[in-house]
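Here the structure is laid out as structure tokens; the discussion comes afterwards.
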Amino acid sequence: MIDFNLTSRVPMGSYIPAKRPALYKCPVCDTVVEVLESNGLEITCCGPEMIELREKLCAAHQPHALAIEKANGLVKVRVGGGGHSMDQDHRIAWIELIGPDQRYRQFLRPGDAPEATFAVDGDGFVARAYCSAHGLWRTSLGRQRTAKALAAEMVA
């Protein structure tokens with residue numbers, strides 16, 4: 001059971017909007033929740049406080065590398081060159097495409113191919129994939145960024 005602990009970390013009456021939605025994982029049961037807007041409350045599940053998931057970057061040709069193909073108003077995202085495990089206990093649970101003002105998410109089931117196709121056009125998208133065993137992975141489509149710039153964005 002998820003419990004939003006009423007012991008606030010911010011003064012009453014303060015409003016602190018989230019810079020972007022944040023994902024949290026229970027260290028006991030592996031439940032993942034997304035907080036769209038935070039007011040500074042602790043989020044707990046099974047007792048301990050949930051851990052915020054941080055995006056990781058993956059070099060090309062590694063198991064969590066995200067390959068993006070763009071053509072004819074479609075964006076296809078593949079994880080691990082299509083060869084990532086898709087078992088019940090180790091799989092890509094979802095793939096997400098994030099634009100400046102929109103977000104698309106495709107949920108996957110065990111046995112599915114580790115890929116998703118989105119009917120969108122444009123540049124500047126970020127693709128993310130959540131591996132049930134290894135966490136959250138990210139890459140971008142559009143303007144090229146250095147590894148240092150991407151790392152700075154993840155902290156912001």
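Which one of the conditions (1) farther than 19 Å from residue 25 by Cβ; (2) of a type outside the set (S, T, N, Q); (3) surrounded by 14 or more Cβ atoms within 10 Å (Cβ to Cβ) does residue 64 fail to meet, given that it meets all the rest? Only one criterion in (1) farther than 19 Å from residue 25 by Cβ; (2) of a type outside the set (S, T, N, Q); (3) surrounded by 14 or more Cβ atoms within 10 Å (Cβ to Cβ) is unmet by residue 64, namely (1).
For the stretch 18-131, the strands (runs of 3 or more DSSP E) that sit wholly inside it and include 3 or more residues that are under 14 Å from the mean Cα position of the chain (by Cα) are 22-25, 32-35, 55-57, 92-98, 103-107, 125-131. Residue 96 - would you say it is among the acidic types (Asp, Glu) and touching a residue at least 24 places away in the same chain (Cβ under 8 Å)? Spelling it out, residue 96 is indeed among the acidic types (Asp, Glu) and touching a residue at least 24 places away in the same chain (Cβ under 8 Å).
Values in this text are rule-based calculations from the coordinates and carry no lab data. Worth saying up front: this structure is predicted, and the values here are computed from it rather than measured. Neighbour counts are summed over all protein chains in view; Cβ atoms, including those assigned to glycine, are modelled from backbone coordinates with ideal geometry.
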